[in-house]
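Notes follow the structure.
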């Protein structure tokens, strides 16, 4: 078998975020948190700045919204909210971890999950998602005698998509990040401490890939996606759900491991479409019908919770919304 790839060197948080134990988006020359607070932003060691040209400045992450479809005003949170540590009850953690692991079964049996959805049943998956589908199908057939081999294949496929350093178009980058997020789940939660440790070594790398995906702009979508209203929405919603799923996985895992997580305030700022029925639409025609009666409202997770309480009472949350609701509010009124 091929030798597993070593993860790329970690990019450290800026000194202010590191000292405050807060999440850093690693932007140069100033991270988003320092920029919002008008603070000086420095990285250590001194040569960390070589990752970007000293004369290059990056704009703030573009909101993951197709502005031609819906107006979205992002909600800002006070910087001190990022220091908040959250302890989730064990029952909720176990439930969420179990439901997250079911995503590999969904991929193997239905070729989609709560953050991956082909345009139609006839759509050919991008190569990274084909590889993820094969790996998930293999994982579904795990036995005591082949478990080591299965986990090795999962890790090798996962590490391959995180180790590649190349310029990709928006569609190709999304597929690679989706494959990595999907395979990250069984490696973290399936119980083999050796593979869990190896998967942990990639957490920072995956987070960096997700942050890069978050900075992409809707205008970068390929023409064949921009030409369809449904395709535009589905693509951008897939981006939003991939980002929030990756952050949610990290939050649940760190809570299980350490008993506490400080990623929840960041998670609360991530947007997605409020109406789960739109994601569950089985065809473009069904989506078009629904979109005429269901608002295309996009809100940060923290704000969407209020809307979802009513949705929960109507038993109409989709799987991802249900997980996010249970993690924050518990099981009362939460029906998928």
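The values are calculated or read from the model by the stated rules, or taken from the named source; none is laboratory data. In this text, all values refer to a predicted model and were calculated from it rather than measured experimentally. Glycine also receives a Cβ, built like all others from the backbone with ideal geometry; neighbour counts cover every protein chain displayed.
Selection of first residues in the stretch 268-290 that are farther than 29 Å from residue 215 by Cβ and of second residues that are surrounded by fewer than 15 Cβ atoms within 10 Å (Cβ to Cβ), restricted to Cβ pairs under 7 Å at least 6 apart or on distinct chains, gives the following pairs, ordered by first then second residue: 283/120.
Is it fair to say residue 224 is within 16 Å of the chain's Cα centre (by Cα) and over 16 Å from residue 117 (Cα atoms)?
no
Does at least one position in the stretch 117-128 carry a residue that is closer than 18 Å to residue 171 by Cα and assigned to a helix (DSSP H, G or I)? Taking every residue of the stretch 117-128 in turn, at least one turns out to be closer than 18 Å to residue 171 by Cα and assigned to a helix (DSSP H, G or I).
Within the stretch 275-332, the set of residues being in a helix (DSSP H, G or I) and more than 26 Å from residue 95 (Cβ to Cβ) comprises 284, 285, 286, 287, 288, 289, 290, 291. Among the residues of the stretch 296-318 satisfying the criterion of being modelled with pLDDT of 90 or more and over 22 Å from residue 250 (Cβ atoms), which is surrounded by the most Cβ atoms within 10 Å (Cβ to Cβ)? Looking at the filtered set, the residue picked out is 298.
Residue 256 meets the conditions (1) more than 20 Å from the chain's Cα centre (by Cα); (2) more than 25 Å from residue 174 (Cβ to Cβ); (3) at pLDDT below 95 in every case but one. The failed one is (1).
Touching a helix residue (DSSP H, G or I) at 6+ places or on another chain (Cβ under 9 Å), at pLDDT below 90 and part of a helix (DSSP H, G or I): does that describe residue 187? Here the answer is no, as residue 187 does not meet what is asked.
Can you tell me which residues in the stretch 195-227 are free of Cβ contacts under 8 Å to residues at least 12 places away in the same chain and part of a helix (DSSP H, G or I)?
From the stretch 195-227, those free of Cβ contacts under 8 Å to residues at least 12 places away in the same chain are 196-197, 219, 223-224, 226-227; that's our starting set.
The answer is 196, 197, 219, 223, 224, 226.
May I ask you to verify whether residue 319 is under 25 Å from residue 110 (Cα atoms), in the same structural domain as residue 183 (by TED's automatic domain parsing) and under 17 Å from the mean Cα position of the chain (by Cα)?
yes
Scanning the stretch 228-253 for residues that are more than 13 Å from the chain's Cα centre (by Cα) and assigned to a helix (DSSP H, G or I) returns 229, 230, 231, 232, 233, 234, 235, 253.
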